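These notes concern the structure reproduced below.
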Amino acid sequence: MNLSVDPAAMVRSYADRVQRVTSPGGVSAWLFEDHTLPILSMGFGFRGGAARDPAGKAGTARMLADLLTEGASNLDGSAFRRALGDSAVQLSFSAQTESLRGSLRTLARNANQAFHLLGLSLRDPLLTQTDQDRIRDAACAQVRSAQAQTDHVAMTALFAQGFPDHPYGRPTGGDLTSLPAITRTDIVALKETLLTRDNLEIAVVGAVSADALGQLLDSAFVELPGGAMPPLPSCALAHVGERFVMSMPSPQTAIYFGRPGLPRADEDAMASVVVNHCLGGGAFSSRLFREVREARGLCYSVWSILRFNDGGTTFLGATATPNERAGEALGVIQGEVARLVQEGVGADELEAAKSYLTGSYGLNFDTSRSIANLLLGLKFDGRDPSWLDERNRRIAAVTEADAARAIERLFGDGALLVTAAGEPAGL
């Protein structure tokens, strides 16, 4: 869905388009109303996610998410999917580390039926043993396939080593030990804990008025039980400065690296975003791309991100390189981190990074679905709609002194937690 919006007005204020809606039953949502096309998109989710899986049963939230479209109330799986199809309703769920999220997309004229079916799936999913067994088998097959991929093995090891005593260290999709241990009782218990009104966040975009949306929200959500999820304990990436190598047959070695980041509410958080873009966040302009790929041909791709979570932020990066050049590739990465700490970023590099980060932000507003996802993310982050405007102002205001301070706080001594999978030489 392409929205009909005056580009100049959008640049002045994204936040002005967001309405706060409260239904007659007290369900709240953000609404970005647009009637260019008769389509409605909604992103919604429940705080908790895979981080709330029972101990030893990683993958429970993932199985719950997969089961929510496998029949509800008096509709078996086939009948439920047929009802969705008959009304041209797209409904899906996914389990993330800190939330279980859903996406609904429908024609405006079918919104009543769409929200009715959504309500059934949340309140009264069938969760049959047959569906559970089938979904478990599929999940196990995916895990077996992933275990043969060096990238997955290195990534999984980084989180397991980096968060050994925290839910962030568990695989979101489960593993071959945890998945068979999950019972229907576990899934039902997690559903009752996660799928509550107090955990709920909603963002809606498209052809619906605030009054009409209120009625729809009650249809889907008002009968959900109460109960809020307690916050996750704070944590920081462990074993920084250590390396862990998983030997497995492969012509290439996958390398992951990380260290603790700055919290999203920190005064230097936006400066750290700019600094990361300079180091590894810019797909074709970053220092890592230039030095690891362009200058030496060590890889096809190398990247870094800041992973902002409620319990803590992590600087995370990765690449893949021929086994015989693994040590060289890691040495270049570590060298670029050290050079960043020693030299900082210059005025031109800083301005280029800020220009890209602010200019590309508008791409998040190209479709109703992307806008709904952006707004939902802000709600989960605890942001106000004003952040839609404030974000670019914060980035544009980053100075060389801000960047230097963020570099020192983010990278410090330059040490990294490193995990590698393959048959690497020099590690």
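The values are calculated or read from the model by the stated rules, or taken from the named source; none is laboratory data. Given the structure is predicted, the values throughout are model-derived calculations rather than measurements. Note: ideal-geometry Cβ built from the backbone for every residue, glycine included; neighbour counts use all protein chains shown.
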Index of the failed condition, G414 passing every other in (1) of a type in the set (G, A, S); (2) surrounded by fewer than 16 Cβ atoms within 10 Å (Cβ to Cβ); (3) part of a loop (DSSP other than H, G, I, E, B): (2)
Residue match in segment 272-293 (condition: surrounded by 15 or more Cβ atoms within 10 Å (Cβ to Cβ), farther than 22 Å from V153 by Cα and modelled with pLDDT under 95): yes
Of all residues making up segment 220-248, the number that are part of a loop (DSSP other than H, G, I, E, B) and hydroxyl-bearing (S, T, Y): 1
Identity of the residue in segment 390-409, among the β-branched types (V, I, T) and assigned to a loop (DSSP other than H, G, I, E, B), that ends up surrounded by the most Cβ atoms within 10 Å (Cβ to Cβ): V398
Test: residue in segment 85-98 that is more than 21 Å from K379 (Cα to Cα), at pLDDT 95 or above and aromatic (F, W, Y): no
Residue within segment 329-352 that is in contact with a strand residue (DSSP E or B) (Cβ under 9 Å, 6 or more places away or on another chain) and either of a type in the set (D, E, K, R) or not assigned by TED's automatic domain parsing to the domain that holds Y256 (or both) present: no
Search result, residues across segment 287-338 that are assigned to a strand (DSSP E or B), small (G, A, S) and either within 21 Å of the chain's Cα centre (by Cα) or under 25 Å from A406 (Cα atoms) (or both): S304, G317, A318
Selection from segment 359-382 of residues that are part of a helix (DSSP H, G or I), surrounded by fewer than 18 Cβ atoms within 10 Å (Cβ to Cβ) and hydroxyl-bearing (S, T, Y): S360, Y361, S370
Residues of segment 42-77 satisfying the condition of being hydroxyl-bearing (S, T, Y) and buried (at least 24 other Cβ atoms within 10 Å of the Cβ): T60
Residues of segment 243-268 that turn out to be surrounded by fewer than 19 Cβ atoms within 10 Å (Cβ to Cβ) and within 22 Å of D389 (Cβ to Cβ), as a count: 5
Any hit, segment 77-90, residues being under 30 Å from D310 (Cα atoms) and out of contact with any Cys (no Cβ under 6 Å at 6 or more places or on another chain): yes
Residue ID - nearest to N309 (Cα to Cα), chosen from residues in segment 249-261 that are touching a strand residue (DSSP E or B) at 6+ places or on another chain (Cβ under 6 Å) and either part of a loop (DSSP other than H, G, I, E, B) or without any contact (Cβ under 8 Å) to a residue 24 or more places away in the chain (or both): G261
V153 being in the same structural domain as D34 (by TED's automatic domain parsing) and closer than 27 Å to S78 by Cα: no
Leading residue by the ranking (surrounded by the fewest Cβ atoms within 10 Å (Cβ to Cβ)) among those in segment 153-170 that are small (G, A, S) and without any contact (Cβ under 8 Å) to a residue 24 or more places away in the chain: A160
Test result for N323, free of Cβ contacts under 8 Å to residues at least 40 places away in the same chain and assigned by TED's automatic domain parsing to the domain that holds E291: no
Filter result (assigned to a helix (DSSP H, G or I) and either buried (at least 21 other Cβ atoms within 10 Å of the Cβ) or in contact (Cβ under 8 Å) with a residue 60 or more places away in the chain (or both)) within segment 124-137: D131, Q132, I135, R136
Segments classed as helices (runs of 4 or more DSSP H), wholly inside segment 10-123, with at least 2 members that are free of Cβ contacts under 8 Å to residues at least 24 places away in the same chain: 77-86
